[in-house]
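Novice: Structure provided below as structure tokens; questions to follow.
The values are calculated or read from the model by the stated rules, or taken from the named source; none is laboratory data. Just so we're clear, the structure is a prediction, and the values are computed from it rather than from any experiment. Cβ coordinates were reconstructed from backbone atoms using ideal geometry, including for glycine residues, and neighbour counts include every protein chain displayed. Just the protein is used for accessible areas: all its heavy atoms, side chains included, with ligands, DNA and RNA removed. Shrake-Rupley method; radii C 1.70, N 1.55, O 1.52, S 1.80 Å.
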Amino acid sequence: MAQKGGGFFSSLASSLSNFKSQVNFMLGYEGLEVINPEGGTEDAEVEAQKGRWKHEDRDSHWKMMQKYVGADITSMVTLPVLIFEPMTMLQKMAELMEYSHLLKLADECEDPHMRLVYAASWFISNYYALQRTWKPFNPILGETYEMVNHNGITFIAEQISHHPPISAAHAENDHFVYDITSKVKTKFLGNSVDVYPLGRTRLKLKKDGVILELVPPPTKVNNLIFGRTWVDSPGDMVLTNLTTGDKVVLYFQPCGWFGAGRYEVDGYVYNAAEEPKILMTGKWNTSMSYQPCDLDGEPLPGTDLKEVWRVAEAPANDKFQYTHFAHKVNSFDTAPTNLLASDSRLRSDRYALEKGDMSKAGSEKSILEEKQRAEKRTRESKGQKFVPRWFDMTEETYVTPWGDLEICEYNGKYSEHRDAVGNANTNDADITKIEFNPWQYGNVAEAE
């Protein structure tokens, strides 16, 4: 019988994982871990001198950050725009929609196990975008992101909580309904941070009404300050059909010596009796393939390994490692008419960074953060609570391997709003004439 969590593939990881190199020799910063994903354990000192930080900035930032070692830094640390990309977390959530044609295939598929192959490949496709090492801007409370003009999808995301940061999103077309309440928990380790996904992700395929639920693996961001930053997501990704009991368990291999195992994903589609039906294998930054298998997880005779997804060609030498779709997400080509003034595209700090003005991006970021603090003071003085516009908080609590989450549900009001104003794209919008306004009490910081 094939083992859950990777079957015969999982044995490949045992000899390749858990290598570390401690840097105990530079600048008196004992215990800082620097890992070169393409090298061994002897070149950490050389690797530590690389990365995007200037020497003096790197040292001062470490002195500021060292007091947070072991803490959850999700929203407690103000970071310099040097490490940011010109996109918010709400926009990054929308990047999952790039390969949504896979959900059309899943919705139209009669084979329940192949349906899971398509859906799992769709979720894996998002990891290509997640490997970017630039940090997206944290959304302002009440900030939104809308997207249309891509495979018939209407996408809406909203920042529904600031402390702790929680985002909610809803996407829909003729074939699927996607809903997520997204929250993360972090643990800062000095030169790396562990990221635990406390969210709930559900996908409904419209033809048969089946509901799929995702539990992704945790992520580790390595070499935050010293060395070249890189991302790894070792562990199991589990996609369960809540309607039938079928599921996919895919094992994300940890990066080993000299990059061995990096990006590799292997596992199986199981039926409700936990019998393997289809093996899946590939790399999350390149492609995924599948092949029918026997009860021992071995490929069936007379069958071939077939590719189900391959990453699209990306622009060469892009400053922020953006795909063509990421650029669409940032553009007004995917914006609807009568764009909400709270949309991420309209943020002055994001726009300044996109245009290469890092100084202005930093100052505009500070202004927005101060406005958010001022609005919080106003809200507290009035004895009021923030109420999301497009999502409703429920009394449901969702249990994850890393903590509990209060679920927020799409309330349908955005669909009513779009029906009223139309869904045509507004690619001729002039960003200089639209002021970013997610504020509950007006777009002016409260005077002290």
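Novice: Can you list residues from other chains, or at least 5 along the same chain, whose modelled amide H is less than 5 Å from the amide H of residue 236?
Specialist: 252
Novice: Please give the calculated 222 nm ellipticity per residue for the chain, where each DSSP H segment of at least 4 residues contributes -39500 (n - 2.57) and the sum is spread over every residue; nearest 500 deg cm²/dmol?
Specialist: Details: 11 runs with 99 residues, N = 448.
-6000 deg cm²/dmol, from helical runs alone.
Novice: Obtain the nm distance between the two label points defined at residue 338 and residue 131 by a simple spin-label model: each point lies 7 Å from its Cα along the Cα-to-C-beta direction.
Specialist: For residue 338 paired with residue 131, the spin-label model returns 4.2 nm.
Novice: In percent, how large is the relative contact order of the stretch 196-334, given Cα pairs closer than 8 Å and 6 or more residues apart? Working shown, then result.
Specialist: Details: 264 pairs, mean separation 16.0, N = 139.
This gives 12 percent for the stretch 196-334.
Novice: Here's something else I'd like to know. So which GluC sites (Glu not before Pro) in the stretch 293-385 pass both tests, a DSSP loop state and at most 11 other Cβ atoms within 10 Å of the Cβ? Present the calculation step by step, with values, prior to reporting the outcome.
Specialist: Working: sites: 307, 313, 354, 364, 369, 370, 375, 380; in loops: 313.
Answer by residue number: 313.
Novice: Show me, for the stretch 166-174, the HN-Hα J-couplings you get by feeding each phi into the Karplus relation (A = 6.51, B = -1.76, C = 1.60, θ = phi - 60°), rounded to Hz, glycine and proline as x.
Specialist: 9, 10, 10, 9, 9, 9, 7, 9, 6
Novice: While we're on this one: Average the reciprocal distances over every distinct pair of alpha-carbons in the stretch 327-409, invert the result, and give the Kirkwood radius in Å. Mind dumping the intermediate values first?
Specialist: Values: mean 1/r = 0.0620 Å⁻¹.
For the stretch 327-409, inverting the mean 1/r across all distinct Cα pairs yields 16.1 Å.
Novice: Okay, next question. Would you compute the Debye intensity of the stretch 86-132 from its alpha-carbon atoms alone, equal scatterers and no solvent, and pass along log10 I(q)/I(0) at q = 0.15, 0.22, 0.31 Å⁻¹ to two decimals?
Specialist: Cα-only, vacuum Debye calculation for the stretch 86-132: -0.42, -0.73, -1.07.
Novice: Next up: What is the calculated FRET efficiency for residue 386 to residue 83, with r their C-beta to C-beta distance and R₀ = 22 Å, to the nearest 0.05? Show your work: numbers first, answer last.
Specialist: Working: r = 28 Å, r/R0 = 1.27.
E(calc), rounded to 0.05, equals 0.20.
Novice: Oh, and also: Quick one: of the DSSP bridges fully inside the chain, what percent are antiparallel, nearest 5?
Specialist: Working: 83 of 86 bridges.
That works out to approximately 95 percent antiparallel.
Novice: Moving to a separate point now. Tell me the per residue accessible area of the chain using a 1.4 Å probe; a whole number in Å² is fine.
Specialist: Accessible area per residue: 44 Å².
Novice: Quote to one decimal, in nm, the extra length available between residue 43 and residue 64 on full extension: 0.36 nm per residue of separation minus the C-alpha distance between them.
Specialist: Between residue 43 and residue 64, full extension yields 4.9 nm more.
Novice: Can you work out the FRET efficiency for the pair residue 355 and residue 295, with r the C-beta to C-beta distance and R0 = 56 Å, to the nearest 0.05? Provide the component values of the computation, followed by the final result.
Specialist: Values: r = 58 Å, r/R0 = 1.03.
For R0 = 56 Å, the calculated efficiency reads 0.45.
Novice: Measure out, as a whole number of angstrom, how far apart the alpha-carbon centroids of the stretch 273-314 and the stretch 40-109 sit.
Specialist: Each part reduced to its Cα centre gives a spacing of 30 Å.
Novice: Just to verify a number: FRET efficiency for residue 415 and residue 304, C-beta to C-beta distance, R0 = 41 Å, to 0.05?
Specialist: Values: r = 43 Å, r/R0 = 1.05.
The calculated FRET efficiency here is 0.45.
Novice: When the chain is fully extended, how far beyond the present Cα-Cα distance does residue 316 get from residue 194, taking 0.36 nm per residue of separation? The partial results should precede the final answer.
Specialist: Working: separation 122, 0.36 × 122 = 43.92 nm, distance 2.98 nm.
Between residue 316 and residue 194, full extension yields an extra 40.9 nm.
Novice: With N set to the residue count of the stretch 200-333, report its C-alpha Rg divided by 2.2 N^0.38 Å to two decimal places.
Specialist: Taking N as the residue count of the stretch 200-333, the ratio is 1.25.
Novice: With Kirkwood's inverse mean 1/r over C-alpha pairs for Rh, give me the Rg to Rh ratio of the stretch 170-279, two decimals please. Don't skip to the end; give the middle numbers.
Specialist: Working: Rg = 16.7 Å, Rh = 15.9 Å.
Answer for the stretch 170-279: 1.05.
Novice: With springs only between Cα atoms under 10 Å apart, run a GNM on the chain and tell me which of 381, 287, 161 wobbles the most.
Specialist: With Cα springs under 10 Å in the chain, the top fluctuation among 381, 287, 161 is at 381.
Novice: Separate question: For the stretch 49-96, state which trypsin sites (Lys or Arg not before Pro) are in a DSSP loop and have at most 15 other beta carbons lying within 10 Å of their beta carbon.
Specialist: Details: sites: 50, 52, 54, 58, 63, 67, 92; in loops: 50, 52, 54.
Sites meeting the loop and neighbour criteria: 50, 52, 54.
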